[in-house]
Amino acid sequence: MSDIEHRPQAFAASDIIGEFPCTQTQMRCWFLDRLNPGNPALNVAVRWEIRGSFRTESIEEAFRQIIERHEILRTRFVETDGQPMQQVVRGVEFRMPVIDLRHVPEDQREARIQSISRETAAAPLDLGQPGLFRVTLLMVENRRGFILITAHQSCFDGWSIRVLGREVGELAAAIDAKRAPHLPELALQYGDFALW
């Protein structure tokens, strides 16, 4: 049995809050996915090592707030009149699985980290389901872990990684300190860029 669990989520028409044309990059991803559905070559995988004192609940809530903040992380892709379109939904379920490797013998731990990292990176993403973004936390020591992020190229790129890192850090710190995060309101969402 896999350490990772995925379930499709159903959405009603009232859950859809916006529909936009696809960018050229998204259209390329759409057509490549049609040729090979769930193609893991279209996944972007990131692994961050974290050290020190951290709360898994704060990290999970930080990612939940980022998904609320960025519409592209609540987007799915559908075909309308023969054309791919991106649809933004009001909300998606998000859960960050935590895999505890502290009991794994130290000489076997690195191989287990690599194995789980490969598994999460290769797990398919369904373009028809919003939330083309997964996060898993590996606990390897009491004050050391790895955050594994897998996202689809249709909603995530190299620039996104920097933005995500900055926002996760600020949101988790704000949650722990019980204060408002120091993040500016977003002037534009990805759908606005696609329309432009």
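The values are calculated or read from the model by the stated rules, or taken from the named source; none is laboratory data. It should be emphasised that the depicted structure is a prediction, and the values quoted were computed from it without experimental measurement. Cβ: placed from backbone, ideal geometry, glycine included. Neighbour counts: every protein chain shown. These accessible areas exclude ligands, DNA and RNA; they are computed on the full protein's heavy atoms, side chains included. Shrake-Rupley method; radii C 1.70, N 1.55, O 1.52, S 1.80 Å.
Taken residue by residue, the range 14-32 has at least one member that is among the aromatic types (Phe, Trp, Tyr), over 25 Å from ARG95 (Cα atoms) and open to solvent by less than 50 Å² (accessible area, probe 1.4 Å).
Listed here are the residues, each with its yes/no results for (1) within 16 Å of THR23 (Cβ to Cβ); (2) in a strand (DSSP E or B); (3) at pLDDT below 95.
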site: VAL88; (1), (2), (3): yes, yes, yes
site: VAL92; (1), (2), (3): no, no, yes
site: ILE99; (1), (2), (3): no, yes, no
site: VAL104; (1), (2), (3): no, no, no
site: ARG109; (1), (2), (3): no, no, no
site: ILE113; (1), (2), (3): no, no, no
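Can you report the number of residues in the range 115-141 which are assigned to a helix (DSSP H, G or I), of a type in the set (D, E, K, R) and touching a residue at least 60 places away in the same chain (Cβ under 8 Å)? Residues flagged as assigned to a helix (DSSP H, G or I), of a type in the set (D, E, K, R) and touching a residue at least 60 places away in the same chain (Cβ under 8 Å) within the range 115-141 amount to 1.
How many of the residues in the range 138-160 are open to solvent by 20 Å² or more (accessible area, probe 1.4 Å), in contact with a Phe, Trp or Tyr (Cβ under 9 Å, 6 or more places away or on another chain) and under 21 Å from LEU73 (Cα atoms)? I'd like the intermediate steps shown before the answer.
Our first condition is that a residue be open to solvent by 20 Å² or more (accessible area, probe 1.4 Å); within the range 138-160, this holds for 141-144, 153, 157-160.
Next, only the ones that are in contact with a Phe, Trp or Tyr (Cβ under 9 Å, 6 or more places away or on another chain) stay: 143.
Filter once more, keeping what is under 21 Å from LEU73 (Cα atoms): none.
Number satisfying all stated conditions: 0.
So in the range 72-111, with the set limited to residues that are under 12 Å from the mean Cα position of the chain (by Cα) and not aromatic (Phe, Trp, Tyr), which one is surrounded by the fewest Cβ atoms within 10 Å (Cβ to Cβ)?
It comes out as GLU93.
Evaluation of SER58 against the conditions (1) modelled with pLDDT under 95; (2) open to solvent by less than 20 Å² (accessible area, probe 1.4 Å); (3) under 21 Å from VAL163 (Cβ atoms) shows that the sole unmet condition is (1).
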